[in-house]
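Undergrad: I have a structure I would like to understand better, so I am pasting it below and will then ask my questions one at a time.
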Amino acid sequence: MNKKTFILIGFIILKFALQYILLSPEYDLQRDEYLHLDQANHLAWGYLSVPPVTSWFSYIILLLGNSVFWVKFFPALFGVLTLLIVWKTIELLKGNLYALILGALCVLLSCLLRLNMLYQPNSFDVLCWTAIYYVLIQYLTSENTKWLYYGAVIFAFGFLNKYNIVFLLLGLIPAILLSKQRKILAKKEFYFALILGLLLILPNLYWQYSNHFPIVHHMKELAETQLVNVNLGDFLKEQVLFFIGGLFVILAGLYAVLFYQPFKKFQLFFASFVFTLLIFIYFKAKAYYAIGLYPIYLAFGSVFISDIVSNGWKRFLKPIIILIPVLLFIPIYQVAFPNKSPEYMVAHSEPYKKLGLLRWEDGKDHHLPQDFADMLGWKELARKTDSLYALLPNQKETIVLCDNYGQAGAINYYSKKGIKAVSFNADYLNWFDLSIPYKNLIRIKDFEENDKEMKETSPYFESAVIGGQVTNQYARGYGATIFVFTKAKIDINKRLEQEINEEKSDIIND
């Protein structure tokens, strides 16, 4: 084993280890993770929330036992593969060992540590962005058309994971058209690759068509509830913070692809960066949507910096340059990860507030960062729901109906009683089993919406009680209430079917 391989293995081990170490056991899984894990029980070519690739990984996790270890393993793996591609890109650009270490360190000590903690499509999305840029560099270096087919396959899997990768294409196309590389459009293999990519994503496009394009409803809802709170200042600030330790390397990479002679054939990467970022800004995208842009420029920048500090007095800058990402990561370590108790974060909230980490999707500041608040209270909710469910004499005729997908997913994940909770929210809208004649209802209501539940619903049942609440004050779902209604006086199934049809009609009309 040579020195390069030994060091690479060290980075891989450290990356995997950090992804587990940085997560305190006080926290549960995050809201979105429960939904994605539940998709393994409802495999399809599309979902209201995301395309299908995440469900495939969820199915593998299910086969492996559905433990938290495996839930956290896959995003960590995608992060490791992203680091590996940056490493291979540096080798392709003829970078030396110093460049490899600098690039790997900047990838390791970045926002990817936080991103790769959560089982969401984002980690695989960043991996696909980085892989497509790597494939493009391979093609520009060799002009071997096999890389066009590889790129088409990677783009297809990226599209089937998260539609966000379309932004990569929108930024890349004008950059290619404005460069000498537009000659690629004259190659028949380019069009064969396009057809291959289209064939791979066709099942999902057909699913969207068959379900009246719910992506339109999803994007409209996203724009009205979340993107409306995005402002340019916060967006740009977060772009700087994502790779703060490697920011100078990214800037060096952008300079290098534009002016450095050995990278002359890669000049389109500068235009691609600018176009893609402007498109994100125009559509008021969430800041983290753009994370996939940056890893490849760490490769360019690492090689460029390594080349300019290789001779003369500049050699003395080498250890200083290596220390920069490490030193800048230390303050980030203190605030960017759920490695401290909620009580500690609330008592020392100022650093979190200064960095905007307490700002939620609603545009307001809260006690904890949103992701952290979304990792609390779920086990408590599931345990209390299980206990109430166990007390009912005819459990199979009981439906557990939740206000949101986080509640439903968490109950289904942690339940010891085999509960299959549902909701009119997100993908659960398609997962109701109306073949069961329901007589009882366990209703989970968000705190903001639970005041009228007893008054409005109890007349339709012979018995109605409040069974419990989520008491963790730092949880995003704090105060969520569990109502138990038994012996229905109405046809629950008919009412559910009516509600489902109304929700689906809203999606279609959007």
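The values are calculated or read from the model by the stated rules, or taken from the named source; none is laboratory data. Keep in mind that what you see is a predicted model, and the values were worked out from it rather than measured. A quick note on method: Cβ atoms are made from the backbone with ideal geometry, for glycine too, and the neighbour counts reach across all protein chains shown.
Undergrad: Would you be able to tell me the number of residues in the range 354-378 that are closer than 22 Å to ASP427 by Cβ, surrounded by fewer than 19 Cβ atoms within 10 Å (Cβ to Cβ) and either in the same structural domain as ASP433 (by TED's automatic domain parsing) or of a type outside the set (D, E, K, R) (or both)?
TA: Qualifying residue count, the range 354-378: 1.
Undergrad: Return the only residue of LEU23, LEU8, LEU48 being buried (at least 16 other Cβ atoms within 10 Å of the Cβ), closer than 30 Å to SER341 by Cα and in contact with a helix residue (DSSP H, G or I) (Cβ under 8 Å, 6 or more places away or on another chain).
TA: LEU23
Undergrad: Still on this structure, I have one more. If LEU368 passes every condition in (1) in a helix (DSSP H, G or I); (2) closer than 30 Å to ALA287 by Cβ; (3) in contact (Cβ under 8 Å) with a residue 60 or more places away in the chain but one, which one does it miss?
TA: Here LEU368 clears every test but (1).
Undergrad: Return yes or no: is ILE90 more than 20 Å from TYR405 (Cα to Cα), outside any loop (DSSP other than H, G, I, E, B), outside the structural domain of ALA421 (by TED's automatic domain parsing) and not acidic (Asp, Glu)?
TA: yes
Undergrad: From the list ASP28, ASP38, pick out the single residue that is farther than 27 Å from PRO214 by Cα, of a type in the set (Asp, Glu) and either surrounded by fewer than 19 Cβ atoms within 10 Å (Cβ to Cβ) or touching a helix residue (DSSP H, G or I) at 6+ places or on another chain (Cβ under 6 Å) (or both).
TA: ASP28
Undergrad: Right, SER142: small (Gly, Ala, Ser), within 26 Å of VAL303 (Cβ to Cβ) and surrounded by fewer than 17 Cβ atoms within 10 Å (Cβ to Cβ) or not?
TA: Here the answer is yes, as SER142 does meet what is asked.
Undergrad: All but one of (1) in contact with an Asp or Glu (Cβ under 9 Å, 6 or more places away or on another chain); (2) surrounded by fewer than 22 Cβ atoms within 10 Å (Cβ to Cβ); (3) not basic (Lys, Arg) hold for LEU100; which doesn't?
TA: Of the numbered conditions (1) in contact with an Asp or Glu (Cβ under 9 Å, 6 or more places away or on another chain); (2) surrounded by fewer than 22 Cβ atoms within 10 Å (Cβ to Cβ); (3) not basic (Lys, Arg), the odd one out for LEU100 is (2).
Undergrad: Shifting gears a bit: Output the qualifying pairs, or none if there are none: Cβ atoms under 7 angstrom, residues six or more apart or on different chains, first residue in the range 170-181 and over 10 Å from SER272 (Cα atoms), second residue of a type outside the set (D, E, K, R) and outside any helix (DSSP H, G or I).
TA: Partner pairs satisfying both residue conditions: SER179/GLN267.
Undergrad: Within the bounds of the range 146-162, is there any residue that is under 24 Å from PHE6 (Cβ atoms) and among the aromatic types (Phe, Trp, Tyr)?
TA: no
Undergrad: Next question, about the same structure. Any residue at all in the range 44-62 that is out of contact with any strand residue (DSSP E or B) (no Cβ under 7 Å at 6 or more places or on another chain), assigned by TED's automatic domain parsing to the domain that holds LEU205 and closer than 23 Å to LEU109 by Cα?
TA: No, the range 44-62 contains no residue that is out of contact with any strand residue (DSSP E or B) (no Cβ under 7 Å at 6 or more places or on another chain), assigned by TED's automatic domain parsing to the domain that holds LEU205 and closer than 23 Å to LEU109 by Cα.
Undergrad: Moving on. So for the range 304-317 (the condition being touching a residue at least 60 places away in the same chain (Cβ under 8 Å), under 30 Å from GLU350 (Cβ atoms) and surrounded by 18 or more Cβ atoms within 10 Å (Cβ to Cβ)), does at least one residue qualify?
TA: no
Undergrad: Next question. Among the residues of the range 342-359, how many are outside any helix (DSSP H, G or I) and touching a residue at least 40 places away in the same chain (Cβ under 8 Å)?
TA: So the answer is 3.
Undergrad: Out of the residues in the range 207-246 meeting the condition of being at pLDDT 85 or above and outside any helix (DSSP H, G or I), tell me which one is nearest to ALA99 (Cα to Cα).
TA: PHE243
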